1. When you scan region 67-177 for helices (runs of 4 or more DSSP H) that lie fully inside it, which ones turn up with 1 or more residues that are under 23 Å from GLU243 (Cα atoms)?
2. Only residues that are assigned to a strand (DSSP E or B) and within 24 Å of the chain's Cα centre (by Cα): list them for region 217-245, please.
3. Tell me yes or no: at least one residue of region 246-269 is at pLDDT below 95, open to solvent by 10 Å² or more (accessible area, probe 1.4 Å), part of a loop (DSSP other than H, G, I, E, B) and more than 15 Å from the ligand (Cβ to nearest atom).
4. Could you grab me the full set of residues in region 123-161 that are in contact with a helix residue (DSSP H, G or I) (Cβ under 9 Å, 6 or more places away or on another chain) and of a type in the set (D, E, K, R)?
5. Could you tell me which numbered condition LEU347 fails, if it satisfies all but one of (1) open to solvent by 70 Å² or more (accessible area, probe 1.4 Å); (2) at pLDDT below 95; (3) of a type in the set (A, V, I, L, M); (4) in a helix (DSSP H, G or I)?
6. If ILE136 satisfies all but one of (1) open to solvent by less than 40 Å² (accessible area, probe 1.4 Å); (2) hydrophobic (A, V, I, L, M, F, W, C); (3) outside the structural domain of LEU176 (by TED's automatic domain parsing), what's the number of the condition it fails?
7. Would region 322-337 turn up any residue that is touching a strand residue (DSSP E or B) at 6+ places or on another chain (Cβ under 6 Å), at pLDDT 95 or above, part of a helix (DSSP H, G or I) and away from the ligand (no atom under 16 Å from the Cβ)?
8. Restricting attention to region 1-54, which residues are among the charged types (D, E, K, R) and open to solvent by 80 Å² or more (accessible area, probe 1.4 Å)?
Amino acid sequence: MHKTITGFSKLSKSKKIDWIVDTYFSNNANAKTILKQYWNSDSKLQQLHDEFIENTITNYYLPFGVAPNFLINGQTYTIPMAIEESSVVAAASKAAKFWFDRGGFKTEVISTTKIGQVHFTYDGNSEVLESFFNGIKSKFYEDTSSITNSMVKRGGGILDIELKNKTESLDNYYQLHASFETMDAMGANFINSCLEQFATTLKTEAQTKLQGNINVVMSILSNYVPNCLVRAEVSCKVEDLTENPNISPEAFAEKFIQAVKIAEVEPYRAVTHNKGIMNGIDAVVLATGNDFRAVEAGVHAYASRKGTYSSLTHAELNNGLFKFWMEIPLALGTVGGLTSLHPLVKLALEMLGKPSAKELMQIVAVAGLAQNFAALRSLTTTGIQEGHMKMHLMNILNQFEATSEEKKILVSHFKTNAVSHSAVVDTINKLRANN
Ligand code: MEV
């Protein structure tokens, strides 16, 4: 029977663990040891992690890997990736190497505007609200000046504030729809602080200057950032698409482009296609201490912007030139948040040459495009399982607690044999039976 508890967050870490173990693990003598196994022996570092969130009882490790040989706008990068999926870093590295020899990735930041909204209701006349808004618009800027000062010095700030009439969608519903430039910060705190001040200003001014009732429902940034957009592209002569000896470059290009077109028109495929892109994107977003949930939400909304969920990438063959590209919205920061707190995040950013947010947008987009290239290359030639299962082999061997000697023999065996779960089980059993 599971219990509830009051005041859990006030308990010490070890008391929290005692309660968890007593309540849920009375039959598991290892539970406490497993939780404590992941504590860091450096107590200051552990405390840092404990204090990231409430009720930390241990750390959750993800592999932190690197994909070298990325050539982006003529500069070479080794890209840090935090991800658990076996084949992602290997695929990124392979795609990086492939394009390194073909001119590398070309990227461009198209725009960097972010959006925040104050959602409110008003029961009066919309034209009266409009003229009230125009009359107090400058007050929104004045009242937020202490919040925006340092952002303005860095070149950012509030770009515009509009009043939007949404009463056709929902009775009495209006918005203050504001746009922001947040420079190297992801900007969530900055935007939300501005919006909450806008809401206060709106209510205060309305008390004396507006007839009718204003009711602020909420003030929050939008994670939909279609005007914070980055483009990444690769291109080469079709005859240079010479990776797989079993398929001519022309046939490969045709099949590859067909695969992209399928993802453009077929949502079931588009979701998986884009998931592969997010394998690359999330891994770098996470390694650099950014908010991958915000990125995911924004990217998928962008993929549906035309009314049907569709591919984020596109490809064409024109006059013998193969081109593969993607434009995606990415709200990222290289200052604030975890970026100056988490030692691995700091290291990741240092490895990337301490990029600006704009540079990081380009690097992350490249990781996504590379990942999609690697996935489509496998899918349209050998199939995904060959490479995927090769990388997954080690996980299966670890499930069977294979010794280093057994691993050596089995890895060598599966260099020339197809990996499947049952094939690995058979081979390991045979090996053990013979010893
Ligand atoms: C697996 O994590 C990602 C893929 O399914 C992506 C795709 O199908 O394009 C391989």
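1. Working: elements: 88-100, 126-143, 145-153.
Here the list reads 88-100.
2. Let us first name the residues in region 217-245 that are assigned to a strand (DSSP E or B), namely 217-221, 229-237.
Residues satisfying the conditions are SER219, ILE220, LEU221, LEU229, VAL230, ARG231, ALA232, GLU233, VAL234.
3. Taking region 246-269 and keeping what is at pLDDT below 95, we get 246-247.
Narrowing further to those that are open to solvent by 10 Å² or more (accessible area, probe 1.4 Å): 246-247.
Still in the list and also part of a loop (DSSP other than H, G, I, E, B): 246-247.
Within this subset, residues satisfying the condition of being more than 15 Å from the ligand (Cβ to nearest atom) are 246-247.
Yes: one or more hits.
4. LYS139, GLU142, ASP143
5. (2)
6. ILE136 satisfies all of (1) open to solvent by less than 40 Å² (accessible area, probe 1.4 Å); (2) hydrophobic (A, V, I, L, M, F, W, C); (3) outside the structural domain of LEU176 (by TED's automatic domain parsing) except (3).
7. No, region 322-337 contains no residue that is touching a strand residue (DSSP E or B) at 6+ places or on another chain (Cβ under 6 Å), at pLDDT 95 or above, part of a helix (DSSP H, G or I) and away from the ligand (no atom under 16 Å from the Cβ).
8. Step one: of region 1-54, the residues among the charged types (D, E, K, R) are 3, 10, 13, 15-16, 18, 22, 32, 36, 42, 44, 50-51, 54.
LYS3, LYS10, LYS15, ASP22, LYS36, LYS44, GLU51, GLU54 - these are the residues of region 1-54 that are among the charged types (D, E, K, R) and open to solvent by 80 Å² or more (accessible area, probe 1.4 Å).
The values are calculated or read from the model by the stated rules, or taken from the named source; none is laboratory data. None of these values were measured; they are calculated from a predicted model. Reconstructed Cβ throughout: ideal geometry from the backbone, glycine too, with neighbour counts over all protein chains shown. Quick note on the areas: whole protein, heavy atoms, side chains included, nothing else; ligands and nucleic acids left out. Shrake-Rupley method; radii C 1.70, N 1.55, O 1.52, S 1.80 Å.
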